[in-house]
Amino acid sequence: VIAAANLSRTLPPVLPPNFISRKEILDGVEIDQAGITLVVAPTGFGKTSLVAEYITTLEHPVIWLSFNDSDDTKSFNSNFVQAVRNVIPEFGKWFSSSQVLTTVEIMTEVFSELGSLDGHFVLVLDDSRASAGDAAPLANHLFSSVPKNVHMMILRRVIPSEAFIQLKALNNLQVIDQNRMKFSEEEISIAASIVGLSIERPEYQKMLK
């Protein structure tokens, strides 16, 4: 394990035994082909749980990286390389956590090496940052650098409006937004029963509305 890496950020989360299965939301994703799937919705819509369940159905190797506002460049870079090494142990022999590299440089190196490998990979970037600053230039580099043997799934609260200009030109782009992520009445009933609530009570009906 890379010394500066946080291993928990580089592994898919473990789902609780009583979660609500919703993987059918992603049934139309062409995961076997290169491309980008954006899962975009505010906090609480179940983005991470949705994708964490979905990837358990895949035969392709899945690289998972979670990051948030507490990550600086060094921790992000170390976690990114560690996430790939979890799947490909010999990956990134060129990397050292003591190196001073930008995130763009790390992405370029990682994608270049991934693209040279045989096989098809799924890369999940679970971005839970509340404040991402000017993310558009980094997003543009990310979108333009994805190798042809990688399908990327990006989980975000919002997508920079500037990034959509480049997104429109991509092949195999799919967007799962909050309208697709909304809970049905049946799912709400199941969620309520899990925690022992009766949604027939007037005060809960008011909250639901």
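The values are calculated or read from the model by the stated rules, or taken from the named source; none is laboratory data. The structure displayed is predicted, hence computed values, not measured ones. Methodologically, a virtual Cβ is constructed for each residue, glycine included, from the backbone with ideal geometry; neighbour enumeration extends over all protein chains shown. Side chains are part of the model used for accessible areas, which takes the heavy atoms of the whole protein and leaves out ligands, DNA and RNA. Shrake-Rupley method; radii C 1.70, N 1.55, O 1.52, S 1.80 Å.
Values for this structure:
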quantity	calculated
Some residue of the stretch 90-103 being within 16 Å of L138 (Cβ to Cβ), aliphatic (A, V, I, L, M), in a helix (DSSP H, G or I) and open to solvent by 20 Å² or more (accessible area, probe 1.4 Å)	no
Selection count where residues are open to solvent by less than 60 Å² (accessible area, probe 1.4 Å), in a loop (DSSP other than H, G, I, E, B) and free of Cβ contacts under 8 Å to residues at least 60 places away in the same chain, scope the stretch 106-122	2
Inter-residue pairs, beta-carbon under 6 Å, first free of Cβ contacts under 8 Å to residues at least 60 places away in the same chain and in the stretch 183-199, second assigned to a helix (DSSP H, G or I) and surrounded by 12 or more Cβ atoms within 10 Å (Cβ to Cβ), 6+ apart	I199/A192
Long-range neighbours under 8 Å by Cβ, at least six apart or interchain, first residue farther than 12 Å from T10 by Cβ within the stretch 53-71, second open to solvent by 30 Å² or more (accessible area, probe 1.4 Å) and aromatic (F, W, Y)	E53/F19
Test: residue in the stretch 34-50 that is touching a helix residue (DSSP H, G or I) at 6+ places or on another chain (Cβ under 6 Å) and charged (D, E, K, R)	no
Candidates S144, S131, S75 - the one that is open to solvent by 40 Å² or more (accessible area, probe 1.4 Å) and either assigned to a loop (DSSP other than H, G, I, E, B) or at pLDDT 90 or above (or both)	S131
Qualifying positions in the stretch 43-59 - open to solvent by 50 Å² or more (accessible area, probe 1.4 Å) and over 11 Å from the mean Cα position of the chain (by Cα)	T43, G44, T56, T57, E59
